[in-house]
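Below is one structure, written out as structure tokens; comments come after it.
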Amino acid sequence: MMTHGDLLAELLFPEITKTPEYYEGLFPQRNLASNAKVTRLAPSPTGFIHLGNLYGAFVDERLAKQSDGVFYLRIEDTDDKRFVEGAEGAIVSSLMFFGIDFDEGAGQGGSGNYGPYWQSQRVGIYQCFAKNMVKNGLAYPCFLAEHEISQIRETQEKNKENTGIYGKWATGRNLSFDQVKSELDSGKPYVVRLKSRGTSGQIIVEDGIRGTLAMPENYQDIVILKTNGIPTYHFAHVVDDHLMRTTHVVRGEEWLPSLPVHIELFDMLGFPRPVYCHTAQLMKLGADGNKRKLSKRDDPELSLGYYREEGYHPKAVREYLLTILNSDYEEWRRANPDLDAGEFPFAVEKMSTSGALFDLNKLSDVSKDVLLKISAKELCRFMVAWSNEFRPDIASLFEGNEAYVEKILDLGRGGNNPRKDLVHARQVFEFIKYFFDEHFAVTDEIPSNVNEEDAKAILKSYLDTYDHGDDQQQWFGKIREIGVSLGYAAKPKDCKKNPGQYKGHVGDVSTVIRIALTGRAQSPDIWEIQQILGEERTRQRIKKAI
Ligand code: GLU
């Protein structure tokens with residue numbers, strides 16, 4: 001005999017002929033070791049991919065990779081209002097740029113046995129599970145119009161009752177088959193709601209990051225299918241994470257309040273619960289010294305596009321994110337300076353629950369160390385790619401000019417105490433641009449104790465005695481001589497001892513030369529710079545300065 005549920009289910013979803021068993025069979029348990037983790041990134045294609053997405057993606061990726069599991073990309077594109085053309089491509093390319101590799105799903109062109117990986121292509125699946133819930137009396141059609149829901153809310157607010165559709169307010173629960181049929185016949189729109197079993201009890205959930213959580217259970221008849229038959233996030237992700245056999249759902253803590261809904265859905269559908277891992281918000285230290293959430297409006301560094309435009313190397317961003325993902329990472333890094341970051345034993349249990357502090361200055365420090373380990377060849381390739389994308393006006397300085405650029409990038413990086421001046425591509429260009437004639441400019445003043453006449457005399461003698469073949473010692477010996485002949489101490493300490501006796505010291509003399517060659521009072525070693533500039537360019541610059 002057909003039950004009320006059977007009749008209702010057929011009435012609402014006549015075209016759905018598959019059963020949940022069919023999908024359970026189509027997407028069987030994955031053939032993985034018992035401790036293997038299956039994780040996913042499930043962004044909505046809204047066009048804004050932010051640091052939080054990358055932060056979460058690292059967690060997903062680490063969990064899957066470390067356990068020989070699977071990490072896939074699912075696109076949650078059921079919300080037309082938020083859809084932005086081209087956003088999906090931007091998400092995938094951004095994540096890949098930062099070294100996030102997907103094993104399957106939308107990030108792999110849709111490959112994998114658990115797809116489709118676009119929610120918009122899964123509507124039939126959601127409706128099949130919704131139909132089954134209606135059939136089993138776990139969900140029902142609700143014809144309440146917008147204005148009726150508002151009225152209910154007003155009454156509830158007046159009576160100081162909890163707002164929402166639940167209990168006695170959930171009038172759709174009691175509609176007879178004939179009532180539903182006549183509403184449908186009259187063309188009235190409806191949603192499908194969960195028939196929540198919850199009242200005022202508690203649920204206990206083990207969060208992968210936060211440990212045991214005790215939360216009030218859900219009692220709201222939340223919408224599972226909207227009037228257009230498209231599922232809500234609540235319903236869609238539960239069905240998907242089950243059928244795609246996700247073991248760990250890593251997502252932002254903004255989802256914590258709706259966790260009871262999701263738990264109830266998993267339980268009602270008879271699906272085993274995944275381990276939810278709610279990551280802390282990324283925070284920043286505000287000008288007032290207080291921690292605050294990074295915001296899209298006020299903090300450009302929230303957008304991943306920012307790091308690409310500035311030209312942070314993906315390895316630096318990765319390294320930095322690991323330092324905020326697990327607080328013992330830095331200690332591990334000090335002990336293992338040469339290991340790949342992938343070797344670090346990452347664990348969700350070691351993640352912060354109170355807000356991860358994001359600090360651009362710290363990122364820059366980390367970046368300096370990371371860039372030091374990247375070969376000049378690779379750095380040069382990075383500069384070529386970055387400039388082609390973001391500064392085409394200067395791309396020709398790098399592309400086709402690699403031998404020169406590599407020497408520049410390697411300057412002062414060897415030895416025991418290497419220079420750590422390089423932070424990100426935009427800054428690197430600023431830092432090295434004096435090597436390119438069209439970008440050379442004098443920006444610093446000669447030391448105040450050197451007058452114009454002396455400066456000219458220094459440069460003249462320098463040019464006269466310049467021999468490109470001099471080694472570093474011969475070269476410096478000449479600078480000393482020039483200084484001494486003009487009344488500058490050969491050593492800074494002589495000048496300190498008898499200040500009245502000298503106009504200054506050899507350092508002032510070399511600064512004059514430095515500024516002529518680089519335009520700046522600070523730079524790496526002048527002799528090495530000259531070797532890179534070459535004899536002709538060196539002489540030209542000195543002449544020009546004179
Ligand atoms: N589509 C949701 C979002 O972009 C995904 C949340 C989740 O990971 O479950 O926020």
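The values are calculated or read from the model by the stated rules, or taken from the named source; none is laboratory data. Computed from a prediction, not measured in an experiment: that's the story for all the values here. For neighbour counting, all protein chains shown are included, and Cβ atoms are generated from backbone atoms with ideal geometry for every residue, glycine included. To get the accessible areas, we keep the full protein, side chains included, count just its heavy atoms, and leave off ligands, DNA and RNA. Shrake-Rupley method; radii C 1.70, N 1.55, O 1.52, S 1.80 Å.
Annotations for the structure displayed:
- Residue pairs whose Cβ atoms lie under 9 Å apart, separated by 6 or more positions or on different chains, with the first residue in segment 242-255 and under 10 Å from C277 (Cβ atoms) and the second within 11 Å of the ligand (Cβ to nearest atom) and open to solvent by 30 Å² or more (accessible area, probe 1.4 Å), are V249/W255.
- Single condition N416 does not satisfy, out of (1) under 30 Å from L339 (Cβ atoms); (2) part of a helix (DSSP H, G or I): (2)
- With a requirement of 1 or more residues that are away from the ligand (no atom under 16 Å from the Cβ), the strands (runs of 3 or more DSSP E) lying completely within segment 183-265 that satisfy it span 191-194, 202-207, 211-216, 223-225.
- If you go through segment 286-327 and keep only what is in contact with a Lys or Arg (Cβ under 8 Å, 6 or more places away or on another chain), open to solvent by less than 90 Å² (accessible area, probe 1.4 Å) and not in a helix (DSSP H, G or I), you end up with G286, R292, L294, D299, S303, G311, N326.
One line per residue, one yes/no per condition, for (1) modelled with pLDDT under 95; (2) charged (D, E, K, R):
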| residue | (1), (2) |
| --- | --- |
| A347 | yes, no |
| K350 | yes, yes |
| S354 | yes, no |
| V366 | no, no |
| L371 | no, no |
| A376 | no, no |
| F382 | no, no |
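- Count of residues meeting criterion [open to solvent by 70 Å² or more (accessible area, probe 1.4 Å) and over 22 Å from the mean Cα position of the chain (by Cα)] in segment 389-401: 5
- Pairs with Cβ under 6 Å, 6+ apart, first in segment 343-368 and more than 26 Å from G208 (Cβ to Cβ), second open to solvent by 30 Å² or more (accessible area, probe 1.4 Å) and not in a helix (DSSP H, G or I): K368/K420
- For the criterion of being buried (at least 18 other Cβ atoms within 10 Å of the Cβ) and farther than 19 Å from S352 by Cβ, H248 fails.
- Any chance V84 is out of contact with any Lys or Arg (no Cβ under 8 Å at 6 or more places or on another chain), of a type in the set (A, V, I, L, M) and open to solvent by 10 Å² or more (accessible area, probe 1.4 Å): yes
For every residue, the table says whether it meets (1) among the aliphatic types (A, V, I, L, M); (2) touching a Gly at 6+ places or on another chain (Cβ under 8 Å); (3) without any contact (Cβ under 8 Å) to a residue 40 or more places away in the chain; (4) over 29 Å from F346 (Cα atoms).
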position	(1), (2), (3), (4)
I16	yes, yes, no, yes
N31	no, no, yes, no
P43	no, no, no, no
G56	no, yes, no, no
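- If you go through segment 132-181 and keep only what is more than 12 Å from L12 (Cα to Cα) and polar (S, T, N, Q), you end up with N136, S150, Q151, T155, Q156, N159, N162, T163, T171, N174, S176, Q179.
- Scanning segment 57-72 for residues that are open to solvent by less than 10 Å² (accessible area, probe 1.4 Å) and under 15 Å from the mean Cα position of the chain (by Cα) returns A57, F58, V59, D60, E61.
- When residues of segment 328-345 are limited to those that are closer than 19 Å to I100 by Cβ and part of a helix (DSSP H, G or I), the one most open to solvent (accessible area, probe 1.4 Å): E343
- Qualifying positions in segment 209-222 - touching a residue at least 60 places away in the same chain (Cβ under 8 Å) and either buried (at least 23 other Cβ atoms within 10 Å of the Cβ) or over 27 Å from the mean Cα position of the chain (by Cα) (or both): D221
- Residue among V275, V239 that is open to solvent by 10 Å² or more (accessible area, probe 1.4 Å), closer than 30 Å to Q29 by Cα, of a type in the set (A, V, I, L, M, F, W, C) and at pLDDT 95 or above: V275
- The condition (being in a loop (DSSP other than H, G, I, E, B), of a type outside the set (D, E), closer than 23 Å to T538 by Cα and touching a helix residue (DSSP H, G or I) at 6+ places or on another chain (Cβ under 9 Å)) is satisfied by just one residue among I515, I458, I479, I446: I446.
- Scanning segment 18-27 turns up no residue that is closer than 28 Å to E310 by Cβ and hydrophobic (A, V, I, L, M, F, W, C).
- Flag for R514 being out of contact with any Leu (no Cβ under 7 Å at 6 or more places or on another chain) and at pLDDT 95 or above: yes
Every residue, every condition in (1) open to solvent by less than 40 Å² (accessible area, probe 1.4 Å); (2) in contact with a strand residue (DSSP E or B) (Cβ under 6 Å, 6 or more places away or on another chain), yes or no:
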{"residue": "G164", "(1), (2)": "yes, no"}
{"residue": "R173", "(1), (2)": "no, yes"}
{"residue": "Q179", "(1), (2)": "no, no"}
{"residue": "E183", "(1), (2)": "no, no"}
{"residue": "P189", "(1), (2)": "no, no"}
{"residue": "G201", "(1), (2)": "yes, no"}
{"residue": "V205", "(1), (2)": "yes, yes"}
{"residue": "L225", "(1), (2)": "yes, yes"}
{"residue": "I230", "(1), (2)": "yes, no"}
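- Close Cβ contacts (under 8 Å, 6 or more residues apart or on different chains) running from residues in segment 162-186 that are of a type in the set (F, W, Y) to residues that are part of a loop (DSSP other than H, G, I, E, B) comprise Y166/S196; Y166/Y219; Y166/Q220; Y166/D221.
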